[in-house]
Every structure is written in structure tokens, then in C-alpha cells.
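Everything below concerns the one structure shown next.
What follows draws every value from the coordinates through simple rules; no lab data is involved. Quick caveat: nothing in here was measured; it's all calculated off a predicted structure. Neighbour counts are summed over all protein chains in view; Cβ atoms, including those assigned to glycine, are modelled from backbone coordinates with ideal geometry.
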């Protein structure tokens, strides 16, 4: 029996590298073919038009489409608002008083989103960065309080933005995630969009006819559904929080969602302050501001009504206020942080942090008036005549 | 380190680089060290067990030829078998036996229970060791002189944890006549790895979700539609899972210049249970045939003796999969089906019942026979997958007596299943894989691209679902 890997029997190593380079070329060409196929279907193909309307990407696309159509419908007084679900207001109420405010508020925000998503929303909604009189960014606190979750590592952003991400966006978008694991996942999912669309695609393949019909319905109905939307009339009257012990006394008829939202978003202990939120805000609000540098569009930060009973400022020692830092840039306006404190009452909230119908209505009026006032003050809007003309 | 993780491919890239940049005389050390590292990444303690068995069987292989045929020679063989089966029995079957004995003795079933962790791949490397020692004993295999070579045979990482069970003669032929893999081999290796990943991540793992959701909540999923959905999903999961693992193992071995035999040959196209076992887990079924069925007498005796041998072989084959009555029943069920097939008048050899492109009665009846075989196999999988006998009976009752219920498989699952059936039929009739391997590089790249795209849109990427056969 001869020894293993014997020099006398083993084929000489000539052409070894050629063999390996041929095999590697095959592998690379295979990956390239998969990439092309993915791009053909999900990047330049029609698939993004058939996204599930109730999915993150699907709703993002509907909002984008709705607001693009609104640009054509309305004149020169459009103001885009950006925010998450806490930015609860009725654009139709704002429209009713547009005669006296001189502006028309349109909501380009979306529940669950944050600054990174808003940047891409505005990039594709307003490619010339000149269409809006102002972009209003609603946030819950001008100070930077790190929470349980690090927004920079929010993988949901990939799903909101997947239809919007271009090849050239991938390096910057992936690099904006903090951890290596998240960066890799986002890079992979943005490069091969099929990975991110997978659940949507499998549902589509199961019931294609149903999906196409629903997409048609949603595309035609979404602007009206959202315009006519009326929020819940529930409230939190009776809610009490002992901030020393974080003990909550719930309203007698509170449901699970209400109880949970109060504990998760209001009566929670402070977490370690890392400065991550500040870095994230500086990066993405900074990008939004940079897009509008030299444009007529003002960037306005407003502090939203913070909750049914707002968290006392002394619960956490906040390390910075990135928004106040950004306000020193040209074109940026920061609203009085107390402007909407009058709404921070349990009877105006449907749960711990979302306004109810009455709250939305009042906030719509207050915000329209406040934004109008700020724009007039900045010389970006002529004072409307009392007759609304 | 599991084949369907990035960690494994990083490991593979490092080992390939080390292997091909090392001088020839060091390459087996590279492979040996890499294999122990691979095994140790699960549980380093069991490397000792692996080494112990390696030393015992290596020594047995050296000693056996020193004795003339007779009691001494046999004693060495028996010592080796006792050591191998002793370790396997202790780690795999002790608790099963202990719980049954406890129940018989009227004690709680955990009265003699020991907290034993099953060493990964023990069933596979034990069978590989046994085949080597028995082959040396029979004079069919020359003993390996160098312990490093023997150790590498036992622990070579692509096949260490879940096979295929490689025969010594095949492995040592590759080792002692090693040639650097040609472009064709490397290309095949890459394709096999790609195919294996698709089978595992795009097919097996998707069907696993359905199977797990059914078998995890049998009591809540009443009706024959969910029961058949669950059984079908598991039937597809286990095939794609194990075949996927094997394809990756074969592909990885090819990159190092080793050639493993095929372990699956489109088993769900089988036209009979006999045919099924010639296509399913071929390395195990041929091992059982060569080292159990034939030594028991095979089909050389009376009809009754043949049935007994079949039953014994399949019962032990079932038990090899796991220490539970369910696996025994699964083995017995297949043994009984094989025996019934043998007893049928006009029984033909598997070669004759393979699908043929002709209009003979044999060919026309093929779809019905294949469907019947598939359904019989699916029924068997219920015992294999269910948590215990009671659950198996509950599932079978639902399959045959339940009300309709709601299906668990979505239309796209059925699309995947039918698509894979089409690919399998295409391969069976036209041998597409071989044709593809002969095609120009751009065609091969396009095919590889399609496979990878399939992985993108169907693959379960975020969760590395373990391979089913790792538990055996």
C-alpha cells in the first residue's frame, strides 16, 4: 500500500491555478447571473408595482404615490410632514383652515419609520428639493434619550425602503447600520432584493389574482381612505403614573394595548445613555438638511405631544440635543418645545403615546397655525389675508 | 459548524487554501487537523471518543491479518465490534433500554436515566469503522498501516457527521491515488454544493416550517387535509434535507479531490418499496445489505427465512436512526412492505420496474405504482416524525378517518413540490446534470445563477435550521 499524497502518484501541480481560476470564474459568473436575474425581476422589472399594500414596502410606495399625486393637485403652499405614528393629525382638517394658515400640510411620514426612512422618502418625493415650502419633522424630544432599541440598527428600514434603494445607495445605506451583523444583512438584502421581498413574493405566488386586485383597489382608494380616516375616540381618562416608583394606575376600562403602551413608552425605567441616538440623528437629519441647503424649503423641527402623561425631564440625564445643534444651520427652524404641551392630557390620547380623534383634530389645527406662524416669521410665507384669499 | 452557515464556508475557504498551498506530504495533516477542528466546534470532548474508536479499529485492522483464519482472528474482530457497538449502544440506546426496563420493573421510566449527550455523527462513523474492520477480516480490504490515513478516513469532515457512509476501499483509493481535481471536478463540486444548499435552504427548510407547525400541534390541527399536509411536508423536508447535506458533502469532497458515492437517486420516483430502498440513503441501505442482511443469510434460504432477514435488517435499520419505538416501527413497517412485495406473484427486479420510455403495460402503470409507493412511504414517515407512538396513531387516524380540515401547504409550496418533481423526472429521463456539466461555461454559469436565485427567493436565510440527520 503506497503512502497518501505520494509525490510519485500525484498529478503534478501544473495548471493548478488555472484550474482554480476556471472554477472561481464559474462561481463568479453564477453569482453575477443570479444578481442579474434578481435585478431583472425586482430592480427594473414590474414586481415593486405589485407589493402587498399592507406591507412596509407596499405602504411606503402608496404614500409616495399619494404625495406625488398631491404635488400635482396643490399649488405652491405645500408643506410635507415627516414622523412616525405619533405624528397624529388630519391633513383634511389642515386643508379646511389652509385659507387662514396659507399652507397645506401633507403627511409623508409613516408609522414605524424614522429619520433614515424619511431621508429616502424626501429624496424620491422631492427630487429637485424645491417643491415644498417646508418639511416639518415631528419628534418626541429635542434632547437625545437613548431607548431600548438602537434606531441605527433597525432592520425594518430595509423593508420600508427596499423598492427605493438603488445600487449606488447600498454602500452608504449598509454602512449606516452600527453592528457588523446588521450591516451584512442589509448589504445582502439590498444587493439581492429577492431576499427582502421573499415573504411578499411567496404570498404573491400563492394568490396572484387576489394580490393584483387588491393592489389596484389600494392604489385607487388609498388617498381617499387616508384623507377620510377618523381615529379612535378612546381615551385614557383616569390614568395616573407615580414617577418615583413607576407605578401605573390604569383607567378602569383600559385594554391590553393601552396598558402595554403606557408601560412600554412612558412608565419605563431609564436605560443606559450611549449617545447612539444623537449620532443617528446628526447623520440622518443632517442629510435631510443638506439636501435642502440653498433651497427655498425650510426644515422645521417640532416637538410632538409626548404622551398622555409626559415623562418628567429629570428621569434621565440626557447627554446631548442634536436637534438644537442642527438648528444653527441655515434654513432650519426649531419650534418652541412647549408649543403642543396643551395636548398632553389623558383625554386626548387613545393609548400611552398616540393622540385620539379629538387630539388629532386639535393637533391638526395647532400644528398648521404654528408652522404657518414660523414660516411667516422666517419670511418664507406671506401672511394670509384675513378673508383667506 | 453547519454546512448552511457562513461560518462553514469561511472554514472551507481557509482549509482549501491551506490544503492546496501545503506541500503534498503535509496535506493529510491539514485535512486531519481541519476535521478534528470541525468536529470539536460542536463538542471538543467527543474528540477523545473519536480518537479512542480510531485507535481500537486501526489496531484491529493491523492485528487481524496477523492471525490465520480461526478463533484468534475472530476474537479481534469481535473485540472491535464490541467496542464500536458498545460505545454506540451506551450513548445512543442506554436511556431507551433503561426506560423500558424501568417500566417493566414497575418503576418510573426515568428511574435508571443517565444524562447522556449523543456524540455527533456516532452512528455514521461507527458504521464506517465496522465496515473497515469487517472488510479487513474478510480479506476484502488491505489493512491501513499509517494511523494518520486511517484517522482521516474516520473523521474526514465532509462526511463525518451525517455520511454518506464511505467504504474504506473507495476512500483509500482516492487517498493513495490522489490526483488534483480537474476543472470538471471543481465545477461539479461547486454545482453540488449549490444544489445542496438549494435543496436544504429553499426546499427542506420551507417544508420544515409546515411540518414543524403540524407535528408541533397535532391536537390542534384536526382533519385529514392538515394531517396529509404535515406528512407530505415532512416527507419532502427529510428528503431535501438529507439529500442536500449529501450533495454538499459530495461537492466539498470533490474540491479536495475525493469522490463520494451518490447517496440518493430520486427516491420518490421509485416504483416499489424495494426500488425506494435502492434509491434512498444508498450508503446505509447497501451497508445494511452487506454487513447485516447477507450475513444473516439474505435470500439464500427459504422464503420465510428471507422475510425474517428482511424484517430483522429493517428493524435494526430503524433502530439505527434513533432509540425509540417509533423508529423500530418505522423500520418494521418498511420490512413488512418489503416482505409483502417479495411475496407478490410476478415480482420483478427493481431494474424492470424503473420507468421506461415505452408504451408497455409496465411503463403505463408506472405513475400509479410510483404514487402508491410514495403514499406508503409518507405513511411511514409519520412514525419517523411524530414525537411518540400515541401521536403517530393520532396522525394516522386523522389521515384516514378525520374530517376535512384546512390544508397547511400554500399553493407556492405545491409549486415547489411539483417543480422539483419535474426536475427529478427530467433528470431520470434525460440526465440533465451530466448534460449540463458538458455544456459551455456560460450555460453552466446561467444554471448556477438560476440555482442561486432560487436560494434568494425561496431560501430560509435568517435561521440555520439544523439538518435532520444530525440527530442520528
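Pop a pseudo-label 7 angstrom from the Cα along the beta-carbon direction at both residue B:302 and residue B:403 and give the gap in nm to one decimal.
5.2
Determine the relative contact order of segment B:6-178: mean sequence separation of Cα pairs under 8 Å and six or more apart, normalised by residue count, in whole percent.
Here the relative contact order equals 28 percent.
Among the DSSP beta bridges whose two residues both lie in the protein assembly as shown, what percent are antiparallel, rounded to the nearest 5?
The answer is about 20 percent antiparallel.
Looking at segment A:46-377, what % of its DSSP beta bridges pair antiparallel, to the nearest 5?
Roughly 20 percent of the beta bridges in segment A:46-377 run antiparallel, per DSSP.
Kindly list the residues of segment B:313-343 that lie in the label zone of residue B:289, defined by a backbone N under 20 Å from the point 7 Å along the Cα-to-C-beta vector.
Under 20 Å, as judged by backbone N against the label point of residue B:289, lie B:313-321, B:331-343 of segment B:313-343.
Compute the Rg to Rh ratio over chain B from the alpha carbon atoms, using the Kirkwood formula for Rh, and round to two decimal places.
0.96
Going by the alpha-carbon gyration tensor, a ≥ b ≥ c the square roots of its eigenvalues, is segment A:155-214 rounded (a/c under 1.5) or, if a/c is not under 1.5, prolate (a/b greater than b/c) versus oblate? Write down the numbers at each step before the final one.
Details: a/c = 3.04, a/b = 2.41, b/c = 1.26.
Prolate, since a/c reaches 1.5 and a/b exceeds b/c.
What's the center-to-center distance, using Cα atoms, between segment A:211-290 and segment B:6-35 in Å?
Centre-to-centre (Cα) distance: 53 Å.
Which whole number in µm²/s is D for segment B:6-178 by Stokes-Einstein, with the Kirkwood Rh taken over Cα pairs at 4 °C and 1.567 mPa s?
In µm²/s, the coefficient is 73.
Quantify how much of the Cα-Cα distance distribution of the protein assembly as shown extends past 56 Å, in percent.
So the pairs more than 56 Å apart make up 28 percent of the total in the protein assembly as shown.
In nm, what is the difference between 0.36 nm times the number of residues separating residue A:18 and residue A:283 and their Cα-Cα distance?
Working: separation 265, 0.36 × 265 = 95.40 nm, distance 4.66 nm.
The residue A:18-residue A:283 span can extend by a further 90.7 nm.
Using only Cα atoms and rounding to the nearest 10 degrees, what angle (0 to 90) does helix A:56-73 make with the longest principal axis of chain A?
Computed tilt is about 50 degrees.
Expressed in nm to one decimal, what extension gain is obtained for the pair residue B:41 and residue B:372 from 0.36 nm per residue of sequence separation less their Cα-Cα distance?
Details: separation 331, 0.36 × 331 = 119.16 nm, distance 4.30 nm.
The span from residue B:41 to residue B:372 would gain 114.9 nm if fully extended.
Calculate the length of the line joining the C-alpha centroid of segment B:216-263 to that of segment B:294-324, in whole Å.
25
For chain A, what relative contact order do you get, as a whole percent, if you take Cα pairs closer than 8 Å and at least 6 residues apart? If you can, show how the numbers build up before the last one.
Working: 552 pairs, mean separation 91.5, N = 389.
Computed value for chain A: 24 percent relative contact order.
Under a GNM of chain A (C-alpha, springs under 10 Å), which listed residue has the highest mean-square fluctuation: A:212, A:137, A:302?
Most flexible of the set in this elastic network: A:212.
Does anything in segment B:285-299 have its amide N under 19 Å from the 7 Å Cα→Cβ label point of residue B:78, and if so which residues?
B:292, B:295-296
For chain A, what D do you get in µm² per second when you plug the Kirkwood radius from alpha-carbon pairs into Stokes-Einstein at 4 °C and 1.567 mPa s?
Using the Kirkwood radius from Cα pairs, D works out to 55 µm²/s.
For residue A:342 and residue A:25, calculate 0.36 nm times their separation in residues minus their Cα-Cα distance, and state this gained length in nm to one decimal.
107.5 nm
For segment B:409-472 and segment A:115-167, what is the centre-to-centre distance using only Cα atoms, to the nearest Å?
Value for the Cα centre distance between the two parts: 39 Å.
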